[in-house]
Amino acid sequence: MGKVVAANAEVKSDMARNFYLKYERIYIGRPKVVEFDVTERTNITPMECRIRGQTYAAPLFVDIKYSGDAQSRRWVWGDL
């Protein structure tokens with residue numbers, strides 16, 4: 001995944017020349033399952049998900065830097 005982010009690291013706008021997005025870091029969180037009583041569990045295994053008919057999925061986080069006229073900000077975007 002790091003190679004995909006590196007290959008597409010910067011996205012420039014055709015409309016505003018000063019605006020761009022830059023993907024800086026990508027990382028994956030722990031898999032989690034939401035139970036029927038709406039509690040979240042992170043100690044789930046792929047086999048348990050298979051038996052229960054659930055997806056073994058983890059949140060994906062990306063550090064994104066963007067710049068407009070004279071500003072530059074950074075934030076973390078999760079659960080993609």
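Computed from the coordinates by the stated procedures, all read-outs in this text should not be read as laboratory data. Small disclaimer: the values here were computed from a predicted structure and weren't measured. Methodologically, a virtual Cβ is constructed for each residue, glycine included, from the backbone with ideal geometry; neighbour enumeration extends over all protein chains shown.
Pick from the range 20-70 the residues that are among the β-branched types (Val, Ile, Thr) and surrounded by 13 or more Cβ atoms within 10 Å (Cβ to Cβ): which of them is nearest to Ala7 (Cα to Cα)?
If we filter the range 20-70 for residues that are among the β-branched types (Val, Ile, Thr), which is where we start, we get 26, 28, 33-34, 38-39, 42, 44-45, 51, 55, 62, 64.
Then drop every residue that is not surrounded by 13 or more Cβ atoms within 10 Å (Cβ to Cβ), which leaves 26, 33, 44, 62, 64.
Details: Ile26: 13, Val33: 32, Ile44: 33, Val62: 14, Ile64: 15 Å.
Among them, the one singled out is Ile26.
Being among the hydrophobic types (A, V, I, L, M, F, W, C) and on the phi < 0 side of the Ramachandran plot is the filter here; which residues of the range 32-60 pass it?
The first filter runs over the range 32-60 and keeps only residues among the hydrophobic types (A, V, I, L, M, F, W, C), leaving 33-34, 36, 38, 44, 47, 49, 51, 57-58, 60.
Within the range 32-60, Val33, Val34, Phe36, Ile44, Met47, Cys49, Ile51, Ala57, Ala58, Leu60 meet the criteria.
Under the condition of being part of a helix (DSSP H, G or I) and of a type outside the set (A, V, I, L, M), which residue from the range 1-38 is nearest to Thr55 (Cα to Cα)?
Step one: list which residues in the range 1-38 are part of a helix (DSSP H, G or I), which gives 2-7.
Remaining after also requiring of a type outside the set (A, V, I, L, M): 2-3.
Working: Gly2: 23, Lys3: 25 Å.
Here the residue is Gly2.
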